[in-house]
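Every number in this text was worked out from the coordinates using simple rules, so none of it is lab data. Quick caveat: nothing in here was measured; it's all calculated off a predicted structure. Using ideal geometry, Cβ is built from the backbone for each residue, glycine included, and neighbour counts are taken over all protein chains shown.
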Amino acid sequence: MTEGIKDKIVVVTGASSGLGEATARLLSAQGATVVLGARRADRLQVLAKDLEARGGKALALATDVTRREQIKALVDSAVQAYGRIDVMINNAGLMPQAPLEQLKIDEWDRMIDVNIKGVMYGIAAALPHMQRQRAGHFINVSSAAGHRVGPGFAVYAATKYAVRALSEGLRQEVKPYNIRTTVISPGAVDTELPDTITDPEVAEAMHKFYDEVAIPADSFARAVAYAMSQPEEVDINEILFRPTRQDF
Ligand SMILES: NC(=O)c1ccc[n+]([C@@H]2O[C@H](COP(=O)([O-])OP(=O)(O)OC[C@H]3O[C@@H](n4cnc5c(N)ncnc54)[C@H](OP(=O)(O)O)[C@@H]3O)[C@@H](O)[C@H]2O)c1
């Protein structure tokens, strides 16, 4: 399944681990050129070298998605190096869950900055190029928590609902430019995400839950590949998937 993937120029934020890394690996193996952004430049470099050693093409750039000039530089580098951007995957995120009553307000701010504003800055960086090209594809990462709120993850869920709202607005606005928009909402996937939880009790419960039900990160990568590999006139707008064992 390399149709719609081979030779595509794909920018991935949050590519230093988890879903972003797995996606970069799968798309690169199928012939895409991947442009990797995250803060941990050392991990990006190792990944880019590994992909190149396997015959792929990759560019890595240290990027903090909360800094709009940095995400703009990431996207502009892709366009400068390869002439265009075909797919922008706004994936970077964090999930420091805790009940509201703990007032972890710095963590609320951080989630808003990375999970919402990071996606908005990613849209701002890529949209002008895609408008000019009259082609492109945004893939924004929400969550099962963007479909259902529960105690202990109100702020995280709020950020992921916001990603869906933004993506739906974007979808409607970019029709004149032949741009596709996909939101992918995973359930529990085995990544470093639970490590962002600072409350020891919540962290322990979440790690136990992930140990029991989480599925490998290539589940997400395959969802990306599915959306990308549709014919140009087919726009997959939403994908929600969970581990078979996950009940909510
Ligand atoms: N795993 C799941 O169960 C699950 C379920 C639903 C949704 N998601 C969503 O999937 C996305 C990816 O998470 P993951 O599960 O792959 O977790 P992960 O392994 O912790 O990866 C998160 C990625 O985001 C990057 N990141 C965090 N803050 C950043 C910043 N300020 N600027 C740039 N990059 C930043 C991290 O890189 P650096 O630290 O190097 O910057 C890392 O590459 C997130 O949006 C998450 O909410 C995950």
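Name the long-range amide H neighbours of THR182: under 5 Å, sequence gap of 5 or more, or other chain; modelled H, no Pro or chain starts.
Under 5 Å from the amide H of THR182 lie the amide H atoms of PHE138, ILE139, ASN140, each far enough along the sequence or on another chain.
What is segment 35-78 by shape, rounded, prolate or oblate, if you read a ≥ b ≥ c off the alpha carbon gyration tensor as root eigenvalues and call it rounded for a/c under 1.5, prolate for a/b larger than b/c, and oblate otherwise?
Oblate, since a/c reaches 1.5 and b/c is not below a/b.
Using only the Cα atoms of segment 1-109, what are the Rg and Dmax in Å?
Cα only, segment 1-109: 15.2, 51 Å (Rg, Dmax).
Using Cα-Cα distances under 8 Å and only pairs 6 or more residues apart, what relative contact order does the chain have, in percent?
21 percent
For LEU59, enumerate residues with amide H under 5 Å from its amide H, sequence gap 5+ or separate chain, H modeled in the peptide plane.
Residues meeting the criterion, in which the H sits 1.01 Å from N, are VAL34, VAL35, LEU36.
Which trypsin sites (Lys or Arg not before Pro) from segment 65-154 combine a DSSP loop assignment with at most 10 other Cβ atoms within 10 Å?
Sites meeting the loop and neighbour criteria: ARG134.
Can you compute the modelled spin-label distance between VAL234 and THR2, with each label point 7 Å from Cα toward Cβ, in nm?
Between VAL234 and THR2, the label points sit 2.0 nm apart.
Run the numbers for ARG148 and ALA81: contour at 0.36 nm per residue of separation, minus the present Cα-Cα distance, in nm.
20.1 nm
What FRET efficiency do you get for ARG222 and ARG67 if R0 is 25 Å and r is their Cβ-Cβ distance, rounded to the nearest 0.05?
0.20
Nearest 0.05, what FRET efficiency do GLU212 and GLU192 give at R0 = 22 Å with Cβ-Cβ as r?
0.80
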